[in-house]
């Protein structure tokens with residue numbers, strides 16, 4: 001039972017990882033850049049966005065490292081403040097329907113806070129609890145470098161981070177009986193390779209590029225000590241080089 005719960009939370013964490021990673025494609029879109037057309041001549045909007053996200057992530061990470069329980073402190077402070085406000089208001093509304101409504105509203109808030117806190121606890125990895133969300137900072141740094149070096153080809157690395165990383169983890173978790181090769185099972189690597197190669201072929205219409213970049217992504221996932229740092233950058237660079245040869 002406990003194992004099935006842990007699998008459920010791990011899958012939920014990876015689905016969240018895919019969703020948040022794909023959001024990083026937005027700054028590469030033409031629609032997004034058009035929103036900043038007024039300042040486009042002064043600074044690259046995409047570069048500004050990735051730089052800002054990277055700085056914010058590093059800042060939050062540094063705070064979390066110095067104060068690892070800050071989330072709990074903020075949550076408790078918010079709860080205490082809300083309780084004081086509701087207690088103050090209900091004292092002047094004794095024996096009224098609004099009094100009961102506020103009490104029920106407070107219970108609803110408490111339940112949602114506990115559920116959110118429980119979900120965050122479940123999806124946090126052990127090293128994130130000790131050292132902060134360094135993986136987020138690593139991912140943003142890698143995407144930032146991908147865009148600086150290869151421009152809009154950075155979308156390839158973002159897709160690799162979203163799908164290769166997540167699919168290998170989920171399949172390995174579900175395929176618990178198979179032997180791992182480095183971090184994941186052979187089945188996980190093959191499924192992730194097939195899916196990512198299909199996505200790339202759909203986008204670039206070149207089977208050679210799709211296969212080589214997908215294979216590169218699998219090798220990075222297999223051997224890299226921190227895939228969030230390497231998975232966006234290396235496949236992007238390989239794709240950018242291959243594009244000049246085959247497209």
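The values are calculated or read from the model by the stated rules, or taken from the named source; none is laboratory data. Keep in mind that this is a model prediction, so the values were computed, not measured. Note that each Cβ is placed from the backbone with ideal geometry, even for glycine, and that neighbours are counted across all protein chains shown.
Some notes on this structure:
- Residues satisfying the stated conditions in region 18-33, i.e. in a loop (DSSP other than H, G, I, E, B) and at pLDDT 95 or above: 24, 25
- Flag for residue 215 being crowded, with 20+ Cβ neighbours inside 10 Å and touching a helix residue (DSSP H, G or I) at 6+ places or on another chain (Cβ under 9 Å): no
- Helices (runs of 4 or more DSSP H) wholly inside region 38-149 containing at least 3 residues that are surrounded by 12 or more Cβ atoms within 10 Å (Cβ to Cβ) and at pLDDT 70 or above: 45-66, 70-91, 97-123
- The listed residues are 168, 185, and the only one of them that is under 16 Å from the mean Cα position of the chain (by Cα) and either more than 27 Å from residue 51 (Cα to Cα) or at pLDDT below 95 (or both) turns out to be 168.
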